[in-house]
Amino acid sequence: MEKILQDIGDLVNTTVDGVLHKVSGVPGSAIVLRYIKSSYQNDPIRSLLEALLVIFAIRYFLASKYSTSKQNYVQLEEYEIDELVDEWKPEPLVQPLKDSERWKLDKIPIIYGESGPKVRLTTAEEALALSPVINKSIDSLSENVPNSNANLKDNTVYLNFLTTDVLNFNNNPIIRTKAVEAIRRYGVGSCGPAGFYGNQDVHTQCENDIAAFIGAEGCILYAQAMATPSSVIPCFLKRGDVIVADKGVNISIQKGIILSRATVYWYEHNDINDLEKKLALANSKYRKGPLPRRFIITEGLFEHFGDSPDLPKIVDLKHKYKYRLILDESWSLGMLGKTGRGLPEVAGIDRDEIDITIGSLANVFGSAGGFCAGVKHMVEHQRITSLAYTFSATMPAYLANTTSAVIEIFQQDGFKSDALVKFHQKGQGVYNILKDNRHIEIVSSPGIPFVQFVLTKEFTSLQQEELVLQNIVDRARKNGVLISRHMFVPEVEVVPVEQSLRFLVNNGLTFEEVLHGARVVNDAINNEFAN
C-alpha cells in the first residue's frame with residue numbers, strides 16, 4: 001500500500017514538474033508559479049478551492065449559450081400553440097370576496113355628491129347611472145351637488161356622523177377659496193419628492209405654521225398620514241434600541257415599531273403602573289455596555305378607544321427612567337384643548353417635554369398627509385433618512401395651503417370662543433344621552449366630540465358581535481343617522497382590538513341635530529337588544 005501511494009506521489013510530482021517546465025516559457029509565468037507554490041505550502045485547501053473556481057470559470061465561459069435550435073427543443077405547430085393558449089387559465093389578480101367580506105362591502109354607504117354634515121345616499125347601480133349628472137355638476141363648479149335634481153330612490157337627507165372632518169372645514173368658503181387659488185397657481189400635484197423639486201413655498205409655509213401653532217421648533221410634512229409614524233420611528237430607532245409602547249396604539253405606529261426592529265415592551269392600555277414596570281424591566285437589561293436609544297410611544301387621543309393617557313405622569317416617568325417620548329396627536333390636535341392644541345394643552349404640559357410629535361392632517365384639519373414636529377435637528381435628520389419623505393411625492397400644494405388656512409382659523413378669537421366651545425358642548429350632550437344605556441359602555445373620554453362605545457353583552461364569536469353592531473348601524477341609518485363600526489383588520493393588529501361603534505360629532509350640525517342623532521342611536525341600541 002505504501003509503495004502504491006509513493007508511486008502515485010511520484011507520478012503527480014513528475015506531471016506537475018513537466019507542466020511547470022512548459023508553462024515557465026510563458027512571460028510572467030514565474031510570478032504566478034511562485035504565488036501558487038507559496039499558497040500551496042501555506043494553505044493547500046485554499047489552493048484546491050482556487051483551482052476549482054478557475055476550472056468552473058473556464059467551463060462557464062466556454063459553454064455554449066442556451067439555444068432553442070438544439071435537437072432536444074420541442075418545436076410546436078401553430079395549432080398546438082393556439083390550443084395551449086386557449087386552455088391556459090390565469091390566476092385572478094385579486095381573490096374573490098368571501099361571503100364574510102361581501103356583506104361588509106354591501107353595508108358601506110355610498111354618498112351622492114360631496115361629503116358634509118348632511119348627505120344623501122345612493123347605490124352602486126345608481127352611481128353608475130348618475131355619473132353624467134355628477135360630471136356636469138363638477139364641470140359647472142356646483143357647490144350643492146347633493147341637492148341636485150337626481151332621481152334617487154332614497155331622497156332622505158342623512159345626518160353624517162361618519163366624516164372625520166368634524167369641524168366642517170371642507171365646506172368652509174375660506175378654505176375652498178384657498179384651495180382654488182393654490183390649484184390655479186401650482187396645479188393639482190407636486191409630481192416629485194421634497195428633496196428634488198416637489199417642495200414648494202406653500203409646503204415650507206405650512207411646516208412653519210404647524211410648528212408655530214403647536215409650539216415646536218420645527219416641523220416636516222409627509223404626503224401620507226399612514227406612512228408618517230411608520231417612517232419616523234425607524235429614523236430614530238434600530239435593532240438593539242428599546243421601545244415601550246401602549247398596547248392600544250394604532251396600526252401605523254405598530255408598523256413603524258416593526259420596521260424599526262427595536263426591542264418592544266408593550267404595557268397595558270393607559271396603565272401607568274404597568275408602564276413603570278416595563279420601563280424598569282427594560283432598563284434592568286442594559287446596566288452594562290452602551291446605552292441604547294429608548295422611547296415611550298403613546299397617542300394623544302387613541303384611535304381604537306377615544307381616550308387619552310395621563311400625560312403628566314408619563315412625562316415624569318420619562319425623566320425618571322431617562323426615556324424620550326413620541327406622541328401621536330392625529331386625533332387630539334384640533335379636538336382637545338381650549339384652542340385646539342391637543343393633549344399637552346389639556347394637561348398643562350409644555351411642548352418641549354414631547355420629544356417627537358407626529359400626527360395626521362386628514363382628521364380634524366380636513367386635509368391630507370401627516371407631520372412630525374419637534375426640535376430642528378430632529379426634523380432635519382428626517383429630510384435625508386426618512387423613506388416616506390425621501391421617496392414620496394410631496395402632498396399637493398393646495399392641501400398645504402388649506403392646512404395653513406385652517407391653522408389661521410384656529411387662532412381667531414371668535415373661533416376659539418364660539419366654534420370650539422360649541423363643539424365640545426355637543427360632544428358632552430352626546431355623552432349625556434348615551435352614558436346611561438345599559439347595553440353599552442362608553443370607552444372614550446367624557447365630554448369630547450369623539451364618542452366610542454362597546455357592547456356590554458358577551459358574544460360567542462367576533463362574527464356574531466359584528467352582526468349585532470352592524471344591525472345597530474342599520475337601524476340608525478333607517479332613521480336618517482349615519483354612524484359606523486370602528487373598522488380595522490384583526491389579522492394585522494399586534495394586540496387584539498375590541499369591536500366598537502363610533503359617533504363623530506360634526507360642528508356643521510346644530511346642537512339639536514346632534515342630540516337628535518344621539519337619541520336615534522340610543523333607540524337603535526335599545527331596539528336591537530329588545531328583540
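Going by average Cβ neighbours within 10 Å, how do the peptides 156-166, 181-191 rank, with the highest at the top?
Numbers: 156-166: 20.2, 181-191: 14.7.
Averaged packing, sorted descending, gives the order 156-166, 181-191.
Length, then width, then depth: along the principal axes, the Cα atoms of segment 371-454 run 53, 34, 25 Å.
Once segment 414-529 is represented by equal point scatterers at the alpha-carbon sites, with solvent omitted, what log10 I(q)/I(0) does the Debye formula produce at q = 0.15 Å⁻¹? Results for segment 414-529 at q = 0.15 Å⁻¹ read -0.66.
Taken over the C-alpha atoms, segment 300-361 has Rg and Dmax values of 11.1, 33 angstrom.
In units of 2.2 N^0.38 Å, what is the alpha-carbon radius of gyration of segment 173-411?
Working: Rg = 17.8 Å, N = 239, 2.2 N^0.38 = 17.6 Å.
It is 1.01.
Pairs of alpha carbons in the chain separated by more than 47 Å make up 32% of all such pairs.
The calculated FRET efficiency for residue 526 paired with residue 412, based on their beta-carbon distance and R0 = 56 Å, is about 0.85. Each of 258, 188, 168 was placed along the dipole of the chain (beta-carbon charges, centred on the mean Cα), and the one lying farthest toward the positive end is 258. Averaging 1/r across all pairs of distinct Cα atoms in segment 197-330 and inverting the result yields a Kirkwood radius of 15.9 Å.
Read-outs throughout are calculated quantities, based only on the coordinates presented, and are distinct from any laboratory measurement. Every value quoted in this text rests on a predicted model; they were computed, and no experiment measured them. For neighbour counting, all protein chains shown are included, and Cβ atoms are generated from backbone atoms with ideal geometry for every residue, glycine included.
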